[in-house]
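One structure below.
Please treat every number below as a calculation from the coordinates, not as lab data. Just so it is clear, the model here is predicted, and its values are computed rather than measured. Virtual Cβ from ideal backbone geometry, glycine too; neighbours counted across all protein chains shown.
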Amino acid sequence: MSARQKPLHQEIAKFVEFHLGKGCFAPMTGQDFPAWRAFVYLIECHAHGGGSRTIQALRATVRCAQQNERVLRCFVQAIPGVMDWGDVRRLWPQIAHDLTVELDDGEPASALVLGAYERSSIDPTRVTIWRPLDVPEEKPPYTCKCGLVIVHREDALAHLKTCPRGAIRGLFA
C-alpha cells in the first residue's frame, strides 16, 4: 500500500456513505464496526477466489453485529463497494439465508429483504436497489414528487410512508 492510498475499509466506508447517506454508520456499536471492517476484507478475499470458507467467515462476521436493519444495511452495501452491484444478488443470500433482522419499525424479517442502494453520481435522486429476491418489474420506475426515482413497487410503497410530499406517479395506476 502506497503512502497516499487509504486502507480498503476507509475507501469502502466512503462508498457506503455516498450511497446510504451521512450518518449511516451511527447505529453501530463498539462491536459492529470491527465486524463490518472484517467483512470488507473478507469480501475482498472472496473476490479473489475465497470460496465456501470465505462465505462461512462472512456469515460469522455478520452474526457478530446487531441484527437490525440499519446496521446490516451497511454490510450489504459493502459488497458492491468491493465487488460489483450484481454480486449482491449472488453473495448476500449465501451469507444471510437464515438471518432474521429487526426492521426500523420493530418487526422481524428475513435479512434477505435488505438490498444495496445504488445512488447515481450524476443524479443523486435516482436510486436503484439491488436485492437478492428481486423479480424484474415490467413497469417503468416510479417517480415521487420529492424527485426520487424508485425502481420497485415495494420500495415505492415504503417511501410513500415516510415522504412529506407523499405522491408517487404510477404507483396506483
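A few remarks follow.
- Per residue, the convex hull spanned by the alpha carbons of the stretch 8-114 comes to 89 Å³.
- Among Ser120, Ser110, Ser52, sorting on how many other beta-carbon atoms sit within 10 Å of each Cβ, with the fewest leading, yields Ser52, Ser120, Ser110.
- Relative contact order (%) - criterion: Cα under 8 Å, at least six apart; region: the stretch 80-135: 33
- Cα shape, the stretch 48-107, gyration tensor, a/c 1.5 rule: prolate
- Relative contact order, percent, the stretch 8-114 [alpha-carbon distance under 8 Å, six or more residues apart]: 27
- Long-range HN-HN contacts of Val127 with modeled amide H, under 5 Å: Val149
- Residues Thr162, Thr61, Thr128, ranked from the fewest to the most other C-beta atoms within 10 Å, line up as Thr162, Thr128, Thr61.
- Model label sites at Lys145 and Thr125, defined 7 Å from Cα along the beta-carbon direction, differ in position by 1.3 nm.
- Computed FRET value (nearest 0.05) for Cys163 with Arg90, which takes r as the C-beta separation and R₀ as 30 Å: 0.45
- Sorting Trp85, Trp36 from the fewest to the most surrounding beta carbons within 10 angstrom yields Trp85, Trp36.
- Cα-projected label distance for Met83 with Gln67, points at 7 Å along beta-carbon direction, nm: 2.3
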